[in-house]
Amino acid sequence: MDLILDIGNTRIKYATFKKGRLNHKGYCSDNELENVLMTLAGEVSRLLISTVKPLTNSQEIELKKVCSKLSVLSSKLKMPFNNKYETPKTVGADRLALAAGGLLNSPNIPILIIDIGTCMTFDFVSDEADYLGGAISPGLQMRLKALHNFTGKLPLVTAKEPKDLIGRNTNDSILSGVINGMQYEIDGIIDAYKLRYPRVKTILTGGDSTFFDKKLKNSIFADADILLKGMHFILEHNTDENI
């Protein structure tokens, strides 16, 4: 069995794969990780980790108890695509995994993967499996917090569907501006890619993607697990010697 760990700033996403298929997935905190790992002891043959922060000594000790063959996702690993980014070593692990997941989902056609999380990222893989890059934009929560933090009077608004295009109070005006603005931004960027790559397929993912997946005028495919699948694709693409 293979284990995938995506360690973020506030929570850890994990998934197990058996015979190449996603078997189980879940979330836990840093403090809960040890208990999760204990339930998997003796079953894991390969482990791949994506992390936004260095592993602590205690985490590394616990991880090695579960699997001695562990690796941290970075551009040093062999990728299933050709990394054509001008600064390939600076591509974030999440973007590498998203590109791999997009390629796994739809090989031989241009793929645009949009991840709406802390940041909103756009990553493009050509029909020749070339990762060319994309764009990075503030995510939904980041935009809401920025309006509150960088102004004197605007409140911090909880994300929810705007009541109308025309906001009739401050809270509704913020929601209309942020959520409708992101929707038009996403559609506009998809349109721009379609002009250059008419066969492009768009995959939408990320924690806040549900605010947009039914509202976009462009056809998209939603896949909440594209990052986990991409990480596993990278794991399978590397031999034991690489890992």
When both residues are 6+ apart or on different chains and their Cβ atoms are under 9 Å apart, which pairs have a first residue that lies in the range 5-22 and is touching a residue at least 12 places away in the same chain (Cβ under 8 Å) and in the same structural domain as Glu62 (by TED's automatic domain parsing), and a second that is loosely packed, with under 12 Cβ neighbours inside 10 Å and among the acidic types (Asp, Glu)?
none
Number of positions in the range 1-31 that are closer than 15 Å to Arg46 by Cα and in a loop (DSSP other than H, G, I, E, B):
3
Which listed residue is assigned to a helix (DSSP H, G or I), of a type outside the set (S, T, N, Q) and farther than 23 Å from Lys194 by Cβ, from Leu147, Leu98
Leu147
Close pairs (6 angstrom Cβ cut-off, 6 or more residues apart or separate chains): assigned by TED's automatic domain parsing to the domain that holds Thr210 in the range 162-173, at pLDDT below 95 and loosely packed, with under 15 Cβ neighbours inside 10 Å anywhere:
Asp172/Lys163
Among the residues of the range 14-29, is any among the charged types (D, E, K, R), touching a Phe, Trp or Tyr at 6+ places or on another chain (Cβ under 8 Å) and under 20 Å from Asp225 (Cβ atoms)?
yes
Which numbered condition in (1) at pLDDT below 95; (2) in a helix (DSSP H, G or I) is the only one that Pro162 fails?
(2)
Considering only residues of the range 81-117 that are of a type in the set (S, T, N, Q) and within 18 Å of Met231 (Cβ to Cβ), which is surrounded by the most Cβ atoms within 10 Å (Cβ to Cβ)?
Asn105
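Yes/no matrix, rows are residues, columns are (1) more than 18 Å from Glu185 (Cβ to Cβ); (2) touching a helix residue (DSSP H, G or I) at 6+ places or on another chain (Cβ under 9 Å):
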site: Lys78; (1), (2): yes, yes
site: Asn82; (1), (2): yes, no
site: Thr90; (1), (2): yes, no
site: Gly102; (1), (2): yes, yes
site: Asn105; (1), (2): yes, yes
site: Ile113; (1), (2): no, yes
site: Met120; (1), (2): no, yes
site: Ala129; (1), (2): yes, yes
State which residue is nearest to Ile4 (Cα to Cα) when the search covers only the range 46-80 and only residues that are part of a loop (DSSP other than H, G, I, E, B), modelled with pLDDT of 90 or more and small (Gly, Ala, Ser).
Ser74
If a residue has to be surrounded by 12 or more Cβ atoms within 10 Å (Cβ to Cβ) and of a type in the set (Gly, Ala, Ser) to count, how many in the range 34-60 make the cut?
1
Which of the residues that make up the range 13-43 are modelled with pLDDT of 90 or more and of a type in the set (Val, Ile, Thr)?
Thr16
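The values are calculated or read from the model by the stated rules, or taken from the named source; none is laboratory data. Quick caveat, the model's predicted, so the values are computed rather than measured. Because the Cβ atoms are built from the backbone with ideal geometry, glycine has one as well, and the counts that use them run over all protein chains shown.
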